[in-house]
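The values are calculated or read from the model by the stated rules, or taken from the named source; none is laboratory data. Keep in mind that what you see is a predicted model, and the values were worked out from it rather than measured. Every residue, glycine among them, receives a Cβ derived from its backbone with ideal geometry; neighbour counts consider all protein chains shown. To get the accessible areas, we keep the full protein, side chains included, count just its heavy atoms, and leave off ligands, DNA and RNA. Shrake-Rupley method; radii C 1.70, N 1.55, O 1.52, S 1.80 Å.
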Amino acid sequence: RLRRIKNEKAGLLVARLKKELQNNNVSDNDRHYFYPAAEVLENRNGGDVIERMEYAKGTYGVSMGDFEYPIMMVDTTRTQSGKEGMLLTPEAVYYSNFVTCGNIKVEDIRAIEASTGFLGKSVTAYLNDGSKVKLPHVVDAKELKGYAKALNDFVMYLKERPFSRKEKYLAKEKHDVICCFRCGYVYKGLKECPKCGYKQNV
């Protein structure tokens with residue numbers, strides 16, 4: 001049951017992130033892979049996407065939790081093997097490049113910004129403790145700022161709605177107080193979210 005709920009949640013988050021990228025004029029990219037939630041839920045083959053994500057998880061995303069699904073994977077390898085790049089989940093950002101690899105909890109990110117100056121083009125995550133981490137990316141320089149803004153807005157959305165993603169909350173059959181999967185609005189005593197109309201909350 002928890003696996004099904006987490007997959008449904010991942011599908012909603014994928015749709016939201018795709019919309020953020022589109023709203024910021026980021027073109028479709030064959031090195032951006034999005035979690036195929038519908039295929040997984042219906043026991044259909046997620047195909048190439050799942051294989052690449054599993055490979056990335058096995059190389060630099062080994063600390064991911066059992067019910068922590070990637071929303072998007074960025075593949076920076078020449079052969080598109082998934083060995084290096086970035087995995088974005090509702091809980092964290094996992095990254096790997098030629099020099100370093102690691103992970104950053106979503107709650108620790110203060111902002112994500114792009115730099116397109118003379119010294120280079122980069123996307124950087126600025127953390128609450130004052131440190132910063134350069135994130136792997138594959139977008140063109142002209143789209144870099146839009147891409148960073150889309151990631152930043154998405155991560156800020158994740159930070160605002162942590163309650164509805166907790167496994168302890170999701171594992172319960174019924175809730176007196178309901179936190180909407182789609183928009184995060186908290187309500188009680190209704191069959192659908194009064195803010196966005198989503199009907200599949202538990």
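Quick notes
- Of Lys145/Lys199; Lys121/Lys159; Lys18/Lys199, pairs whose Cα-Cα distance is over 29 Å: Lys145/Lys199
- The stretch 1-118 - charge dipole about Cα centre, Lys and Arg +1 at Cβ, Asp and Glu -1, debye rounded to 20: 220 debye
- Listed values for the stretch 20-31 are Karplus-derived 3J(HN,Hα) couplings in whole Hz (6.51 cos²θ - 1.76 cosθ + 1.60, θ = phi - 60°), namely 4, 5, 5, 5, 9, 6, 8, 5, 4, 9, 6, 10, and x replaces Gly and Pro.
- For the chain, carbon and sulfur atoms together expose 48% of the accessible surface, with a 1.4 angstrom probe and every protein chain in place.
- Across the chain, C-alpha contacts under 8 Å between residues 6 or more apart give a mean separation that, scaled by the residue count, equals a relative contact order of 17 percent.
- Gaussian network model of the chain, Cα within-10 Å springs - most flexible of Glu68, Glu84, Glu42: Glu42
- Size of charge dipole - the chain - debye, nearest 20, with Cβ of Lys, Arg +1 and Asp, Glu -1, no other charges: 620 debye
- Accessible area expressed per residue, the stretch 92-155, with surrounding protein chains retained (probe 1.4 Å, Å²): 55 Å²
- Placing unit charges on each Cβ (+1 for Lys and Arg, -1 for Asp and Glu) gives the chain a dipole about its Cα centre, and among Ala125, Ala38, Ser115 the Cα reaching farthest toward its positive end belongs to Ala38.
- Candidates Gly11, Gly184, Gly117: whichever shows maximal mean-square fluctuation once the chain is modelled as a Gaussian network with Cα springs under 10 Å: Gly117
- Rounded to 10°, Cα long-axis angle of helix 144-160 versus longest principal axis of the chain: 30 degrees
- With all protein chains in place and ligands, DNA and RNA left out, the 1.4 Å accessible area ranks Val133, Val93 as Val133, Val93, largest first.
- Where Arg52, Arg78, Arg110 fall by accessible area, highest first, once all protein chains stay in place (1.4 Å): Arg78, Arg110, Arg52
- Dipole axis of the chain (+1 Lys, Arg; -1 Asp, Glu on Cβ), positive-most option in Tyr185, Asn103, Tyr147: Tyr185
- Computed from Cα positions, the angle between helix 47-59 and the longest principal axis of the chain comes to roughly 70 degrees.
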